[in-house]
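Each remark here refers to the structure printed beneath this line.
The values are calculated or read from the model by the stated rules, or taken from the named source; none is laboratory data. Just so we're clear, the structure is a prediction, and the values are computed from it rather than from any experiment. Here the Cβ is made from the backbone with ideal geometry for all residues, glycine too, and neighbour counts use every protein chain on show.
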Amino acid sequence: SQTIHQWPATLVQPVGSPLSLECTVEGTSNPNLYWYRQAAGRGLQLLFYSVGIGQISSEVPQNLSASRPQDRQFILSSKKLLLSDSGFYLCASGSGETQYFGPGTRLLVL
Amino acid sequence: EDQVTQSPEALRLQEGESSSLNCSYTVSGLRGLFWYRQDPGKGPEFLFTLYSAGEEKEKERLKATLTKKESFLHITAPKPEDSATYLCAVPEMNSGYSTLTFGKGTMLLVSP
């Protein structure tokens, strides 16, 4: 079975600062990778997905970007954080349509 | 666009009090319906996939069923450790690739 690692677990950042969240996957190869944001009362919002190295699709235009430098590594970034970027960020991995989630990163932008 | 609606938003049960959670969907050509459990501050944990109307799957006190318009997650004689948010999701095609569209979830609280 696959294991998804995310770090950091929690992060407090000032408005305007950069962001880098990392996700790595063990136990599978060539997975589809996903970044979600979960805000209270709004459910899981898909931000980015990737079907291979260097292949990124964005679901919503926003202040964030994603990169996949290696097969099992997925990075979420921002050059300048906004207050509205606060939330719980989840990385998921899947082959086929079933997705498995990491433990998440809680981001608070002040 | 596919839509997934879960009800109720929150449900409080006494230990041993059975109930059901609902997930209704609008989708053209269902390719599966997924149930997840999410504990506070953690990532969702995969529970079940259902593919066709009439299909049922069970895991401990949970049983998921599927019709052509909705899915139910039945909880029989729940225990406090079943307290969590339960999410359902359906696949959606995006530019030839499949992604999951999630409902907002039902928050279940089981009191001892």
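At a glance:
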| read-out | value |
| --- | --- |
| Answer from B:Ser18, B:Ser24, B:Ser7 - the residue that is among the small types (Gly, Ala, Ser), over 22 Å from B:Asn94 (Cα atoms) and under 11 Å from the mean Cα position of the chain (by Cα) | B:Ser7 |
| Every residue from segment A:76-105 that is among the aliphatic types (A, V, I, L, M) and either surrounded by fewer than 19 Cβ atoms within 10 Å (Cβ to Cβ) or within 14 Å of chain B (Cβ to nearest Cβ) (or both) | A:Leu82, A:Leu83, A:Leu90, A:Ala92 |
| Selection within segment A:87-110 - among the hydrophobic types (A, V, I, L, M, F, W, C) and under 13 Å from the mean Cα position of the chain (by Cα) | A:Phe88, A:Leu90, A:Cys91, A:Ala92, A:Phe101, A:Leu107 |
| Count - residues of segment B:103-112 that are within 7 Å of another protein chain (Cβ to nearest Cβ) and crowded, with 21+ Cβ neighbours inside 10 Å | 2 |
| Where a residue in segment B:80-101 is more than 7 Å from chain A (Cβ to nearest Cβ) and its partner, wherever it lies, is of a type in the set (Lys, Arg), with Cβ under 7 Å and at least six apart | B:Asp82/B:Arg61; B:Ala84/B:Arg37; B:Tyr86/B:Arg37 |
| Positions within segment B:1-26 being under 15 Å from B:Thr99 (Cβ atoms) and outside any strand (DSSP E or B), in sequence order | B:Glu1, B:Asp2 |
| Selection status of A:Ser17, in contact (Cβ under 8 Å) with a residue 40 or more places away in the chain, over 30 Å from B:Glu9 (Cα atoms) and either buried (at least 18 other Cβ atoms within 10 Å of the Cβ) or at the interface with another protein chain (Cβ under 10 Å from one of its Cβ atoms) (or both) | no |
| Search result, residues across segment A:26-50 that are more than 12 Å from chain B (Cβ to nearest Cβ), exposed (fewer than 12 other Cβ atoms within 10 Å of the Cβ) and assigned to a loop (DSSP other than H, G, I, E, B) | A:Ser29, A:Asn30 |
| Matching option when the condition is closer than 24 Å to A:Gln6 by Cα, modelled with pLDDT of 90 or more and basic (Lys, Arg), among B:Lys42, B:Lys63, B:Lys59 | B:Lys42 |
| Matching residues, segment B:41-56, being part of a strand (DSSP E or B), more than 10 Å from chain A (Cβ to nearest Cβ) and either over 14 Å from the mean Cα position of the chain (by Cα) or loosely packed, with under 15 Cβ neighbours inside 10 Å (or both) | B:Glu56 |
| Meets criteria (surrounded by fewer than 20 Cβ atoms within 10 Å (Cβ to Cβ), modelled with pLDDT of 95 or more and in a loop (DSSP other than H, G, I, E, B)) for B:Gly29 | no |
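Yes/no per residue for (1) farther than 25 Å from A:Pro14 by Cβ; (2) more than 14 Å from chain B (Cβ to nearest Cβ); (3) surrounded by fewer than 17 Cβ atoms within 10 Å (Cβ to Cβ):
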{"residue": "A:Gly52", "(1), (2), (3)": "yes, no, yes"}
{"residue": "A:Ser67", "(1), (2), (3)": "no, yes, yes"}
{"residue": "A:Gln70", "(1), (2), (3)": "yes, yes, yes"}
{"residue": "A:Leu107", "(1), (2), (3)": "no, no, no"}
